[in-house]
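Some notes on the structure that comes next.
The values are calculated or read from the model by the stated rules, or taken from the named source; none is laboratory data. Everything numeric here is computed off the predicted structure, so don't read it as measured data. Note: ideal-geometry Cβ built from the backbone for every residue, glycine included; neighbour counts use all protein chains shown. These accessible areas exclude ligands, DNA and RNA; they are computed on the full protein's heavy atoms, side chains included. Shrake-Rupley method; radii C 1.70, N 1.55, O 1.52, S 1.80 Å.
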Amino acid sequence: MPIIDTRPIVLTGDRTTGPLHLGHYVGSLKSRLVLQDDHRQFILLADAQALTDNADDPGRVGRNIMEVALDYLAVGIDPEKSVICVQSCLPALCELTMLFLNYVTVSRLERNPTVKQEIVQRGFQRDIPAGFLCYPVAQAADITAFKAAVVPVGEDQLPMIEQSNEIVRRLNRQAGREVLPEARALISSVGRLPGIDGRSKMSKSAGNAIALSATPAQIAEAVQGMFTDPDHLRVSDPGRVEGNVVFTYLDAFDENHDEIEELKAHYRRGGLGDAALKRRLDDCLQALLGPIRERRAEFARRPDFVMDVLRAGTGRASKVTETTLDEVKSALGMFGLRQA
Ligand code: ATP
Ligand code: MG
């Protein structure tokens, strides 16, 4: 008799637009490391979604599959515990997207705050690729195809989960029963890590990221260039902690919270220089990223192993997503050759 896996299902993923960065580490990867022990976790390399704003450079999207997969393995995602799969190799996801598009309106898609912001960031103005406007629907297909109950994400993804649940409710209403479950977002304590410029979210596409694979010199350079308090001119001046990117990063990455609180008080009083503060952050990030970089280099020497992981994971994901697609089509009363 087959053993029924009753663990809650988790789905997460990353667009394959570049190597992963510190925002991914605190916003999502750390939760995935914990979840993989007692959840059934699927991790999607979202190359089809990445194409929606990279149609002029599909090669970049393809090349970065390997980079992101190496990042997963380097931080400790274990392919024996988590299923790592490639979105564009799962046709059921496209089919579900096509079905779901009928259960959402264009005006609803245009109201999505994250998409609105990204349209401005990417300079699309009025020339918005249709695929880009609809990517939250494709994301709903990803989440539901795996019947995910939990989706660990950064704050920018909350509107996507909401959109997905709306589609699920409409579809279930249409089918007259609960075909698909609603999902719950799991936001980490650092829901949104700002970029090193301190202005917007750290993101692969914005050029404001510290990659998990950054060299020691790149880390040092990024920390040196970080925005602090522009009015903190002399060491003796009182400084501002709020909006000071170095403190935001120390809060996110330095585990000695008591010492960080003391440093904040000292900075506010005056007498603590930016150079000392940045030295502490540099030490902290070098200690975090050094072992990740080494493990990444080891996996990079074994591309066949990484390909095997992707092949096996995509195969397992294919079975799950095809089954869900069949269930949805049949629940909607659609024609199916296999049932004839
Ligand atoms: P892109 O610029 O191509 O959109 P990205 O850096 O925003 O890339 P995604 O692949 O879009 O990364 O995001 C993958 C996951 O990582 C999502 O759950 C997202 O919320 C989370 N994430 C990305 N950036 C951050 C960040 N700066 N802080 C917290 N979480 C983040
Ligand atoms: Mg993004």
message = Between residue 295 and residue 258, what's the calculated FRET efficiency when r is the beta-carbon distance and R0 is 35 Å? Round to 0.05.
response = 0.70
key: For the chain, share of DSSP beta bridges that run antiparallel, in % to the nearest 5   = 10
ask   = What residue among 79, 230, 303 has the largest mean-square fluctuation in a Gaussian network model of the chain, using Cα springs under 10 Å?
value = 230
inquiry  = Within segment 12-28, name every residue whose backbone N is under 15 Å away from a label modeled 7 Å from Cα of residue 316 along the Cβ vector.
reply    = 12
inquiry  = Assuming 0.36 nm per residue, please report the length gained on full extension of the stretch residue 286 to residue 56 beyond their Cα-Cα distance.
reply    = 79.3 nm
Gyration tensor (alpha-carbon) shape descriptor, segment 196-242, a/c threshold 1.5 = oblate
Contour minus Cα-Cα distance for residue 227 and residue 130 (0.36 nm per residue) = 31.3 nm
note = Mean 1/r over distinct Cα pairs of segment 191-340, inverted to a Kirkwood Rh in Å, yields 19.2
Descending principal axes extents, segment 133-210, alpha-carbon based, whole Å = 50, 27, 17
remark   = Total charge of the residues flanking residue 190 in space, meaning their Cβ is under 15 Å from its Cβ, with Lys and Arg +1 and Asp and Glu -1, is -1
ask   = Between their Cα atoms, which of 116/319; 116/264; 147/329 are more than 26 Å away from each other?
value = 116/319; 116/264
query = Under a Cβ-Cβ cut-off of 9 Å, what is the net charge of the residues other than residue 74 that fall near it, where Lys and Arg count +1 and Asp and Glu count -1?
reply = 0
request  = Note down the net charge around residue 277, summing +1 for each Lys or Arg and -1 for each Asp or Glu among other residues with Cβ under 14 Å from its Cβ.
outcome  = -3
note = Calc'd 3J(HN,Hα), segment 294-309, phi into Karplus 6.51 cos²θ - 1.76 cosθ + 1.60 (θ = phi - 60°), Hz, glycine/Pro = x, comes to 5, 5, 4, 5, 5, 5, 5, 7, 10, x, 5, 4, 4, 4, 4, 4
remark   = Using eta = 0.890 mPa s and T = 25 °C, Stokes-Einstein with Kirkwood Rh from Cα pairs puts D for segment 265-340, in µm² s⁻¹, at 135
inquiry  = How large is the Kirkwood hydrodynamic radius of segment 221-287, counting all unique pairs of alpha carbons, in Å?
reply    = 11.8
message = Under the √(5λ) rule applied to the eigenvalues of the Cα gyration tensor, what semi-axes describe the equivalent ellipsoid of segment 82-121? Give them in Å, descending.
response = 25, 17, 8
inquiry  = What is the percent carbon and sulfur in the accessible area of the chain, measuring with a 1.4 Å probe over the protein chains and ignoring ligands?
reply    = 53
ask   = Which Rg and Dmax, in Å, describe the Cα atoms of segment 157-264?
value = 20.4, 69
key: For the chain: accessible area per residue (Å², 1.4 Å)   = 49
task = Output ³J(HN,Hα) for segment 5-11: one whole-Hz value per residue in order, computed from phi by the Karplus curve 6.51 cos²θ - 1.76 cosθ + 1.60 with θ = phi - 60°, and x for Gly and Pro.
result = 8, 9, 5, x, 8, 10, 10
request  = Using only the C-alpha atoms of the chain, find the volume of their convex hull and express it per residue in Å³.
outcome  = 159
request  = Write out the GluC sites (Glu not before Pro) in segment 231-320 meeting two conditions: DSSP loop, and at most 12 other Cβ atoms within 10 Å of their Cβ.
outcome  = 242, 255
ask   = Amide H to amide H, which residues 5 or more places from residue 41 or on other chains are under 5 Å from it, using H placed in the peptide plane?
value = 10, 83
query = Which ³J(HN,Hα) values in Hz, rounded to whole numbers, follow from the phi angles of segment 238-252 under the Karplus curve 6.51 cos²θ - 1.76 cosθ + 1.60, where θ = phi - 60° and Gly and Pro get x?
reply = x, x, 9, 8, 5, x, 8, 4, 4, 5, 4, 6, 5, 4, 7
ask   = Which of the trypsin sites (Lys or Arg not before Pro) across segment 242-329 are loop residues per DSSP, with 14 or fewer other Cβ within 10 Å?
value = 301
